[in-house]
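First the structure, in the form of C-alpha cells, and then the observations on it.
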Amino acid sequence: MKLGVLALQGDVREHIAALNECGAEAQPVRTAAEIRSIDGLILPGGESTTIAKLARSFDLFDLISGRIKDGLPTYGSCAGMILLANELVDGAKGQETFGGLDVKVRRNAFGRQIDSFETDLDFAGIGSVHAVFIRAPWVETTDPRVEVLASVEIDGISHPVAVRQNHILATSFHPELTGDNRVHRYFVTELLRGVSTHS
Ligand code: GLN
C-alpha cells in the first residue's frame, strides 16, 4: 500500500513521520504520476488557498479532486479539512476546494482571541486526544452521511472538529504535531484497510 502526502505546501514531513510510525509507507507527492499511483492521500495543514492555487497552476487540481471523489482514502488536517469541504464559510474570495465531504466548513473559525490553542478532546473510537489548533476551521453544518468524531464546545455550542464520511477523514487540529499517532493509525486501520463498518 502506497500512501502520499500532498507536498505543494504545508507540514508534509510531520505527516510522513506519523504514518511511518504506524508502519505505513508514505512519500511526498507533487506530480500527476505520483498522485495517480497512491492508495491513500493526506492533505496537510498549511494554507488552504495556497495549496489550491498551486494545485491549479501545476494542473493537479482536477486529478486530486477526481481521485478523492472516486473513493481514494483521504485524510485532511486543518487546511486539509478546508480543502475537503464541499462548501466554505468565510473562504477567501473565489477560494476553491477539492471537495468530497458533505460539510460546510468555516475557515479561521475560532477567531482572533483564540487563534491557536490546545485542548483535550474525546475522539470516537480513540479516546482522549490532545489537540493542537492553529488558525483552525470547524465544521459548521454536516449532512446525515457525515459522522462527527470529536467536537469542541464554545459558549454552549458544540462545533465538530473531526469528521468522517466513508473514505474521507478530516480534523481541524494537527495530530501530526503532537507525537501521538493514534489519529493516523485510525486512518490507516479504519479507512485504508477497510476494516470499518461505516462505509
Ligand atoms: N487557516 C489556514 C487556512 O485557511 C489553515 C491553518 C492550518 O492549517 N494550520 O488554510
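The values are calculated or read from the model by the stated rules, or taken from the named source; none is laboratory data. The model shown is predicted, which means the values in this text are computed figures rather than measured ones. When we count neighbours, we look across all protein chains shown, and the Cβ atoms used for this are built from the backbone with ideal geometry, even at glycine. For the accessible areas, the whole protein counts, side chains as well, though only heavy atoms, and no ligand, DNA or RNA atoms are used. Shrake-Rupley method; radii C 1.70, N 1.55, O 1.52, S 1.80 Å.
Brief remarks follow.
- Helix-only [θ]222 nm of the chain, DSSP H runs n ≥ 4, -39500 (n - 2.57) each, per residue, nearest 500: -6000 deg cm²/dmol
- Taking other residues whose beta carbon is less than 13 angstrom from the beta carbon of Gly80, and scoring Lys, Arg as +1 and Asp, Glu as -1, yields -3.
- Each Lys and Arg Cβ is given +1 and each Asp and Glu Cβ -1; about its Cα centre, the range 50-199 then shows a dipole of about 380 debye.
- Across the range 102-199, the relative contact order, built from alpha-carbon pairs under 8 Å that are at least six residues apart, equals 24 percent.
- The range 1-61 has equivalent-ellipsoid semi-axes of 20, 14, 6 Å, by the square roots of 5 times the alpha carbon gyration tensor eigenvalues, sorted largest first.
- Sparsely packed chymotrypsin sites (Phe, Trp or Tyr not before Pro) within the range 1-83, loop by DSSP, other Cβ within 10 Å at most 15: Phe58
- The Rg/Rh ratio for the chain, using Cα coordinates for both the radius of gyration and the Kirkwood hydrodynamic radius, is 0.93.
- Sparse-neighbourhood loop sites, trypsin sites (Lys or Arg not before Pro) in the range 43-113 - DSSP loop, at most 16 other Cβ within 10 angstrom: Lys93, Arg112
- 1.4 Å probe accessible area per residue over the chain, in Å²: 44
- Cα shape, the range 61-123, gyration tensor, a/c 1.5 rule: oblate
- Ranked by the mean number of other Cβ atoms within 10 Å of their residues, highest first, the peptides 80-90, 137-147 fall in the order 80-90, 137-147.
- Accessible area (Å², 1.4 Å probe, nearest 10) - Thr97: 30
- Global form of the range 122-199, assessed from the alpha-carbon gyration tensor, a/c cut-off 1.5: oblate
- The range 85-156, relative contact order [Cα under 8 Å, separation at least 6], %: 30
- Under the criterion of Cα pairs below 8 Å and six or more residues apart, the relative contact order for the chain equals 19 percent.
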